[in-house]
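What follows is a short report on a single structure.
The values are calculated or read from the model by the stated rules, or taken from the named source; none is laboratory data. All values reported here derive from a predicted model rather than from experimental measurement. Cβ coordinates were reconstructed from backbone atoms using ideal geometry, including for glycine residues, and neighbour counts include every protein chain displayed. Heavy atoms of the whole protein, side chains included, go into the accessibility calculation; ligands, DNA and RNA do not. Shrake-Rupley method; radii C 1.70, N 1.55, O 1.52, S 1.80 Å.
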Amino acid sequence: MSSTISITIENDAPIVIPFSAGMNAQDALETAYNQIQNSAAFSFALQFYGTYQGPPYGPLGYMVIGLNGVYDLPTQNTYWAFYLNGALATQGIDSTLLAPGDAIGFQNEAYSEAKHRHHHRLARPHAVQPSPSSPS
């Protein structure tokens with residue numbers, strides 16, 4: 001089992017960092033930044049969306065809004081999609097705990113309402129939905 005984590009941005013070469021117990025994806029970005037020590041080679045920007053939002057969203061936490069000088073472009077409907085081991089992550093970077101050998105990735109992708117709804121459904125599996133037999 002590898003004791004490293006890899007971070008890939010778009011199709012660039014992976015950044016390999018040491019894994020540490022309790023590390024989340026945000027910690028991994030911070031470790032990569034400290035390891036590289038050159039903001040011209042690697043940089044990131046985050047936006048905090050709060051520890052709690054009303055239903056159906058729940059806690060949103062931090063979202064990556066920029067990597068290596070490329071920022072979300074809402075006017076062009078793009079955002080930084082966060083992947084864990086090749087699949088769209090189901091939680092934010094501050095809630096995604098990593099294991100040795102994990103690979104995280106970021107792709108600047110086109111935003112679509114359908115993808116947004118699908119991602120929120122995946123990211124909020126603990127949200128309570130009323131059952132059909134429950135009285136209204």
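In this structure, does Ile17 turn out to be outside any loop (DSSP other than H, G, I, E, B), under 13 Å from Ile104 (Cβ atoms), in contact with an Asp or Glu (Cβ under 7 Å, 6 or more places away or on another chain) and at pLDDT 95 or above? Full working, then the answer.
Details: outside any loop (DSSP other than H, G, I, E, B): yes; under 13 Å from Ile104 (Cβ atoms): yes; in contact with an Asp or Glu (Cβ under 7 Å, 6 or more places away or on another chain): no; at pLDDT 95 or above: yes.
So Ile17 does not fit the description; no.
A quick yes/no check of all residues on (1) out of contact with any helix residue (DSSP H, G or I) (no Cβ under 6 Å at 6 or more places or on another chain); (2) free of Cβ contacts under 8 Å to residues at least 40 places away in the same chain; (3) among the hydroxyl-bearing types (Ser, Thr, Tyr); (4) surrounded by fewer than 14 Cβ atoms within 10 Å (Cβ to Cβ):
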{"site": "Ile9", "(1), (2), (3), (4)": "yes, no, no, no"}
{"site": "Ile15", "(1), (2), (3), (4)": "no, yes, no, no"}
{"site": "Ser20", "(1), (2), (3), (4)": "yes, yes, yes, yes"}
{"site": "Met23", "(1), (2), (3), (4)": "yes, no, no, no"}
{"site": "Ala28", "(1), (2), (3), (4)": "yes, no, no, no"}
{"site": "Asn38", "(1), (2), (3), (4)": "yes, yes, no, yes"}
{"site": "Leu60", "(1), (2), (3), (4)": "yes, yes, no, no"}
{"site": "Ile65", "(1), (2), (3), (4)": "yes, yes, no, no"}
{"site": "Ala81", "(1), (2), (3), (4)": "yes, yes, no, no"}
Checklist entry - Do we have any residue at all in region 90-103 that's in contact (Cβ under 8 Å) with a residue 12 or more places away in the chain, open to solvent by 70 Å² or more (accessible area, probe 1.4 Å), touching a Leu at 6+ places or on another chain (Cβ under 8 Å) and in a strand (DSSP E or B)? => result no
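Kindly indicate whether any position in region 111-124 is modelled with pLDDT of 65 or more and either more than 18 Å from Ala25 (Cβ to Cβ) or in contact with a Ser or Thr (Cβ under 9 Å, 6 or more places away or on another chain) (or both).
Narrowing region 111-124 to residues modelled with pLDDT of 65 or more: 111-112.
So of that shortlist, the ones also either more than 18 Å from Ala25 (Cβ to Cβ) or in contact with a Ser or Thr (Cβ under 9 Å, 6 or more places away or on another chain) (or both) come out as 111-112.
Yes, region 111-124 contains at least one residue that is modelled with pLDDT of 65 or more and either more than 18 Å from Ala25 (Cβ to Cβ) or in contact with a Ser or Thr (Cβ under 9 Å, 6 or more places away or on another chain) (or both).
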